[in-house]
Structures are given as C-alpha cells and as structure tokens.
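Peer 1: Please find one structure pasted underneath; my questions will follow.
The values are calculated or read from the model by the stated rules, or taken from the named source; none is laboratory data. None of these values were measured; they are calculated from a predicted model. A quick note on method: Cβ atoms are made from the backbone with ideal geometry, for glycine too, and the neighbour counts reach across all protein chains shown. When the accessible area is computed, the model is the full protein with side chains, heavy atoms only, and any ligands, DNA or RNA have been set aside. Shrake-Rupley method; radii C 1.70, N 1.55, O 1.52, S 1.80 Å.
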Amino acid sequence: MYTTNSISRKAGFHRFGLGTLELTVVSDGFIVFDPPQPILAPETSKACFKSALESHFLPSGFVKIALNMLVIKNGAQVILIDAGAGNTMGDSSGWLIPNLELAGIRPAEVTNILITHAHSDHIGGILTSTGDLAFPNAKVYMPRNEYEFWDSGTVNLSKSKLVDKEGFIRFSVPIIQAVKKALGAKLILFEPGQILFDFIKAIPTPGHTPGHTSYLIMSEGQELIHMGDLTHHLLLFEYPDWGFEADYDFKEGIVTRKEMLHRLAETRQLAFSIHLPWPGLGHVRKKGGAFEWVSEHFTSFSAM
Ligand SMILES: [Zn+2]
C-alpha cells in the first residue's frame with residue numbers, strides 16, 4: 001500500500017542544451033499504480049511480473065511512474081510538451097507550475113504547448129483548478145486525429161484491455177471538453193507527420209491512443225526524441241509485449257513500441273520519456289531479443 005503523506009513538491013528541474021535550444025525537464029510529480037496490475041502488464045502472470053520488478057530492485061506491491069515535462073526555449077519561444085495532470089489525478093501530481101517557477105519560467109511566458117495525446121495526465125494541466133487557462137498566452141497544438149477521436153461522441157475502446165472502458169471514457173472525455181471550451185481558437189489541430197516551428201517533427205506513434213505523437217526535436221545537428229507514452233515503465237523495454245492496459249489498441253501499442261525502440265537502438269538517439277525515472281533522459285539498446293533503457297549519467301545538479 002502506498003500513501004502520499006509528507007510528499008515534497010519541490011521536485012525541481014533539470015536543464016541542458018541541444019544545439020542552440022535550452023531544454024528544461026520540469027517535474028509534474030508522479031502517479032502511483034497500486035496495485036500495479038492490471039494497468040501494467042495486464043495479461044502477465046503475477047509471479048512473473050513480481051519477479052521482474054524485484055530484478056530491478058523495485059517494490060512489487062505498487063509502481064510509481066514519473067511525470068516529467070519538457071520545456072524548449074528557442075529565443076522568445078517557450079514550448080511546453082504536454083501540460084501535466086493539473087488537478088485531475090490527485091496530490092502526487094499537478095506540480096508543474098510551482099516547479100516551472102523554480103526553474104525561472106513563468107506560465108505567462110509559455111507561447112506554445114504541443115500535446116502527445118489527450119489523456120488527463122498530459123492535458124489536465126492546461127486548466128487551473130477553477131477551469132481557467134493555466135498558460136494564458138499559449139496556443140495548444142494537438143494532432144487532429146487525436147482530437148477527433150475523443151471529440152467524436154462515440155469513443156471506441158474495444159481494442160484496449162481496459163476492464164472499465166466506460167469509466168475511463170466518463171473520466172477522460174469531460175476533461176477534453178473542458179480544455180476545448182477554455183481554449184477556443186487557441187486550440188490548433190495539426191496533421192500527423194507535420195514539422196512544427198521549423199525544428200520539431202511530429203511523428204505519429206499510434207497505439208496508446210489513435211493520434212499519439214512523438215516529437216523529434218532538432219537543432220544544429222543534435223536531436224532528441226520525445227517518446228510520449230510509448231513506455232510507461234522500464235519493464236516495457238525488457239518485455240515490450242507486456243503492454244499497458246489503457247492503450248486504446250493493445251496490439252498496435254506493442255507494434256509501435258517495438259518499432260520505436262528498434263529505431264532508437266539503431267540510431268543511438270537521445271530519448272526522453274514522460275513516465276520513466278526522473279529526469280527521463282537516456283538511450284535505448286538491444287538486449288537479448290528485446291531492449292534496455294540506459295539512463296543518462298548526471299554528475300551534479302545541472303541547473304544553469
Ligand atoms: Zn501518460
């Protein structure tokens with residue numbers, strides 16, 4: 001059993017350069033899966049899952065996943081990729097704004113928010129607890145097919161392994177509707193594969209949701225790939241088939257995850273993940289018939 005007593009919200013930030021860009025990872029907190037199955041590895045035996053967690057020196061009764069948010073500064077342009085959970089997921093999350101302020105970034109300075117997908121832990125933070133825009137000057141960019149899926153009025157999760165599909169829809173759709181209403185003309189839909197602001201390529205990576213998008217950030221020959229929610233846990237590198245219950249298409253999620261991990265292992269590109277251990281930066285390499293996450297090595301607290 002996991003409790004959230006005595007949580008420190010000052011999880012901080014991590015700043016680094018990519019070409020001419022200044023990138024900052026800011027913590028929005030974390031999410032607890034208690035129990036960890038069936039949300040992770042819904043079809044894997046309890047004994048197998050427990051022993052895999054223990055092999056990573058992790059507790060087996062619950063799983064904590066990070067909420068790492070990436071900010072890109074390009075001159076006066078301040079681009080946030082996803083906006084965190086806001087007040088949609090409890091006390092252990094929704095820490096983005098105080099931590100942005102610790103990093104010297106005021107919410108009013110954010111010019112653009114790119115959305116990987118429309119789950120609550122990624123779009124909930126667009127709104128304050130009173131339903132106002134948390135980033136009053138930001139335009140929000142969402143993949144068109146992602147928006148249309150959730151806005152269709154007939155959300156179909158028949159290919160997911162979710163036990164309570166209706167409950168998930170009842171929870172998710174009103175958040176998307178509230179965001180849509182508050183944003184009005186500030187919500188901009190883009191086509192999959194589009195290049196945004198000349199240096200960010202939107203790469204369609206469907207499966208977790210229909211319009212799930214990863215972002216390739218490029219500057220002066222340096223690249224970083226923001227994976228979005230292709231992997232929620234280290235174990236999904238070792239066992240990419242174990243999957244995630246809330247993937248809208250469980251099988252497509254596995255195919256897309258393997259394709260991206262293969263690509264990252266081949267290109268040796270620096271990768272970023274929202275839900276992997278803070279600050280979510282690392283590389284992917286092949287291991288056995290699957291993959292392994294190799295975290296970046298940090299030698300000191302790297303705030304500039
Ligand atoms: Zn997520």
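Peer 1: Send over a whole-number figure in Å² for the accessible area per residue of segment 13-295, probe 1.4 Å.
Peer 2: On the way: 11100 Å² over 283 residues.
The answer is 39 Å² per residue.
Peer 1: Give me the net charge for the shell around residue 24: Cβ to Cβ below 11 angstrom, other residues only, Lys and Arg +1, Asp and Glu -1.
Peer 2: On the way: positive: 15, 73; negative: 22.
Summing Lys/Arg as +1 and Asp/Glu as -1 gives +1.
Peer 1: What accessible surface, in Å², does a 1.4 Å probe find on residue 263, ignoring ligands, DNA and RNA and rounding to the nearest 10?
Peer 2: Only protein atoms counted, so the area is about 90 Å².
Peer 1: Let me ask something else. Per-residue HN-Hα couplings for segment 151-158, Karplus 6.51 cos²θ - 1.76 cosθ + 1.60 at θ = phi - 60°, whole Hz, x for Gly and Pro?
Peer 2: 9, 6, x, 9, 5, 10, 10, 5
Peer 1: Once the other residues with Cβ under 11 Å from the Cβ of residue 74 are scored (Lys, Arg +1; Asp, Glu -1), what is the net sum? List each step's numbers first, then the result.
Peer 2: Values: positive: 73; negative: 22, 198.
Its environment carries a net charge of -1.
Peer 1: Looking at 124, 244, 27, which one has the Cα that reaches farthest to the positive end of the dipole of the chain (charges on Cβ: Lys, Arg +1; Asp, Glu -1)?
Peer 2: So the residue we want is 27.
Peer 1: Given the pairs 139/180; 161/201; 159/258, which are separated by over 20 angstrom at their Cα positions?
Peer 2: Details: 139/180 12 Å; 161/201 30 Å; 159/258 18 Å.
Over 20 Å Cα-Cα: 161/201.
Peer 1: Continuing with this model, one more query. Roughly how much of residue 239 is accessible, in Å² to the nearest 10, using a 1.4 Å probe?
Peer 2: My reading of the accessible area for residue 239 is about 80 Å².
Peer 1: Here's a follow-up. Which value, in Å² rounded to 10, gives the accessible area of residue 219 with a 1.4 Å probe and all protein chains present?
Peer 2: Residue 219 exposes around 10 Å² with every protein chain in place.
Peer 1: Tell me the carbon and sulfur percent of the accessible area for the chain, rounded to whole percent, probe radius 1.4 Å. Provide the component values of the computation, followed by the final result.
Peer 2: Numbers: 6940 of 13070 Å².
Ligands and nucleic acids excluded, carbon and sulfur reach 53 percent.
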